[in-house]
Structure formats: C-alpha cells, structure tokens
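Asker: There's a structure below that I have some questions on.
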Amino acid sequence: MNGSKTMNPGDRFFADISVLASTIVYENPLVIRERVNHHWKMHFVELFECWNDYLKKKSTQAFILCDKEKDAKLIVIAFRGTQPFESDDYITDVDFSWYDYPQMGKVHFGFLEALGLANRSNRSNDKKFSCHLDPDNQGHSIGGAYNVLHKKLKELLEAHKNAKFIVTGHSLGGALAVLFTAMLFVNDEKLLENLLAIYTFGQPRVGDKTFADFMNRKLNLNQDLSRYFRIVYSNDLIPRIPFEDVIFMYKDFGACLYYNSFYSLKKLAETPNRNFSPVFFIQIKIVALWELLQCLVLHYREGKEFKETKVSIFCRILGVLSPGILIPGLSAHSPVNYINAVGLGPAILNPNLARLEN
C-alpha cells in the first residue's frame, strides 16, 4: 500500500488482494502462508478451522492477513468457498431454509450454521429452529467462525489503530463474508467504523427483501457510498441461486458489478438472467465455447500469469460439451474467471465511491 492519506475501496488494488485471498484460502496452510509472506510481501496472521455444530466438525475455514506485521493499514478476512469434493459444503449450500432474525430479516439457515450461530438439530418446544450468539464462547458453539473471527478482528484493530478491514470470499465464502458483516451490524456496530469494504466473487444470495433492505441501509448503498462489491462473472450459476422469485423469495442487495466474457465491467441494478433461465441455453453455450477458445490464447496476449491449468481447461470443455446449462454455469464459477476479470478490468471499479480517511 502507498502512503496516501485516503483509501478508496474501489481501487483495483483492493479488488486484487480480495480475489487473490478468496482464491488462496482453498489451499493448505503452508501454501497460504508462503504466498502471503513471500510472494505478496504481506503478513499472514492465522488460518482458522471453525466448528459447525450441526455437522459436528470443523467445516468452515477462513484466514486473516495484514498488509504488514506492525502498524498495519489493512486487514483482510477471507472465507473459503465450496470445495468441489467436500460434501459438507454442498449440505450448507443447498439448504434453502430460512431463519427469521428479528433485527435483520430472514437469512439462509445453512450459512448461519457455517458461522457457528445455529443448529437445526436443537429445536425449542414451538418447533422453531434455534439460533444463538455465544459471545463468551460457551457451550456447543465454541470455536464457531463468527465468535472466533470477531474476537480476532477486535484484537487486531486494537493493535493496529489506523487499520481498515476488508471481508471477502468466493462462492459460499462470499455469502459468509456478507453474513459475518451483517452480524457485526447486529452485535458490534462500532467495529464497522473500520470497515473499508466487502468484496464477494460469485456469491449466492443470503437473505430476503427485509435482509436486503437492512444491508442497503447499514452500508449506505442507496446513497452510492458503496462499501459492498458484489462481483459477478458472465454466466456464473452460483450468484443466481437461491432463486429470487415468489417461491424462494431470496433477494440481492447493492449493485451488481458484472463482468462479461470479454472482462468488460458494467454496474447493473441486478444480475442479468437473474434466475438462470433455460431460455438463454443457446447464448450460454456460445459464451462457453468463446471462453474455452479465449483461455487457450489469453496468456499469449496478456502474459504468462493468465495461462490456465489443464484442469481448468478440462472444466471449460465439459461446459461446452454438456447437454444442459448447469455445467457451463459451474465452469464460469471458477475463481480463475474472477482473477482474470479483476486483473484485466478497470483501475477503479466504481468512480462514484466515497473516499474514506485513513
């Protein structure tokens, strides 16, 4: 980071570090530490394996980094998304049930469980799901992601008086980043004075319209003072679920920062093809074919850092050859697309963002 007196959350530097952190969190701890300390020249703080009381195991992962070890100006919390071969993550993702949280509306129950704030197995006499905070780390929720990360964030902000923090994640990690921040608004709003931005990449929907209104109000999104960057790439399936319709009633909030397959950025009121309709079958297939061809030549045009792995290329081939639209929607969800989009996109993601004093 430079010595500027202002920090613009829309600067591509913050998008870059967010998407890289959201991607590296899928790796093992040694790789994460090596990449942060020696490649990025930043300071790796800690990797957290957090308890999910419903699954009775540590299934939620996040790590924290600072821009430097002493007198840091930036703290980044990155949540891990869905692992391709991790069934517990899919259990969390596909549970579309609600918990009606009085302060902020209805939210995705599986995401609450992943943060260690709920357990559907514990039912009260009126048969409603139980949802609880445990600020003192007592009982079954000890080690839950919200409690652990909240405590560590407070410690870091006390140690680094001039620091701002970013919460980020890809896929499920993006949903947890949003819900973690929402719970801070409910329980420790003073901490949010140090929030620089939330960056999410391919994030599924988290709550209903009441939740959306709550987050719009708390983040001042209706006044174009955005601290929330909901980045969606092309035909990525995941940001379009759970559905925003009269049955599921999930709702996006904030503007959609939409990158098309040419990595051109548009700020939109909502995600195009918001419920991933099969009406767009031909268009999605054509785009998938273009993305496959583009990935084979992109590194020649833009540099070797844009060369894709054989696994990534294979996934794109599956997207083209599959008979339906789900596979190309999932291949578009790859973190590679988001790294490319941010790296090749504009230097400022939103020119109307307020500048925050350091």
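Asker: Want the number for ASP100 to ILE317: 0.36 nm per residue separation, take away the alpha-carbon distance, what's left?
Answerer: Here the answer is 74.0 nm.
Asker: Related question: Just to confirm my numbers, what's the Cα centroid distance between region 100-116 and region 215-269 in Å?
Answerer: 19 Å
Asker: Another question about this same structure. Rounded to the nearest 0.05, what FRET efficiency do GLN283 and ARG12 give with R0 = 35 Å and r taken as the Cβ-Cβ distance? Could you check?
Answerer: 0.75
Asker: Now for a different question. Based on the Kirkwood radius over alpha-carbon pairs, what value in µm²/s does the Stokes-Einstein equation return for the translational diffusion coefficient of region 193-256 at 20 °C and 1.002 mPa s?
Answerer: Translational D for this selection: 174 µm²/s.
Asker: How big is the convex hull of the Cα atoms of region 166-232, per residue, in Å³?
Answerer: Residue-normalised Cα hull volume stands at 78 Å³.
Asker: How many nm is it between the label spots at GLU34 and VAL186, if each spot is 7 Å from the Cα in line with the beta carbon?
Answerer: 4.0 nm
Asker: What list of ³J(HN,Hα) couplings, whole Hz, do you get for region 166-175 from phi and the Karplus terms 6.51, -1.76, 1.60, once you set θ to phi - 60° and write x for glycine and proline?
Answerer: Whole-Hz 3J(HN,Hα) from phi for region 166-175: 10, 10, 8, x, 10, 6, 3, x, x, 5.
Asker: Using R₀ = 22 Å, calculate the FRET efficiency as 1/(1 + (r/R₀)^6) where r is the Cβ-Cβ separation of LYS266 and ALA347; round to 0.05.
Answerer: 0.90
Asker: Non-local amide H neighbours of ARG205 (under 5 Å, H modeled in plane, Pro and chain starts lacking H): which ones?
Answerer: For ARG205, the qualifying residues are ILE241.
Asker: LEU74's amide H: which non-local residues (gap 5+, or another chain) put their own amide H closer than 5 Å, with H modeled 1.01 Å from N in plane and none for Pro or chain starts?
Answerer: Amide H neighbours of LEU74, under 5 Å, 5+ apart: ASP67, LYS68, LYS164.
Asker: Quick one: P(r) of region 6-357 from all Cα-Cα pairs, 20 Å bins, percents rounded to integers, in order of increasing distance.
Answerer: Bin by bin from 0 Å, the calculated values are 31, 60, 8, 0.
Asker: Provide, as a two-decimal number, the C-alpha radius of gyration of region 171-309 over 2.2 N^0.38 Å, N being how many residues it has.
Answerer: Compactness ratio reported: 1.18.
Asker: Using θ = phi - 60° and the Karplus form 6.51 cos²θ - 1.76 cosθ + 1.60, what ³J(HN,Hα) does each residue of region 250-257 get, whole Hz, x for Gly and Pro?
Answerer: Listing the rounded values in order: 6, 8, 6, 9, x, 6, 9, 8 Hz.
Asker: Let me ask you something else. Nearest 5 is fine: what % of DSSP beta bridges in region 6-357 come out antiparallel, could you say?
Answerer: 60 percent
Values in this text are rule-based calculations from the coordinates and carry no lab data. Bear in mind that the values here come from a model prediction, so they are computed numbers and not experimental data. Positions of Cβ are generated from backbone atoms using ideal geometry, with glycine treated the same way; all protein chains shown enter the neighbour counts.
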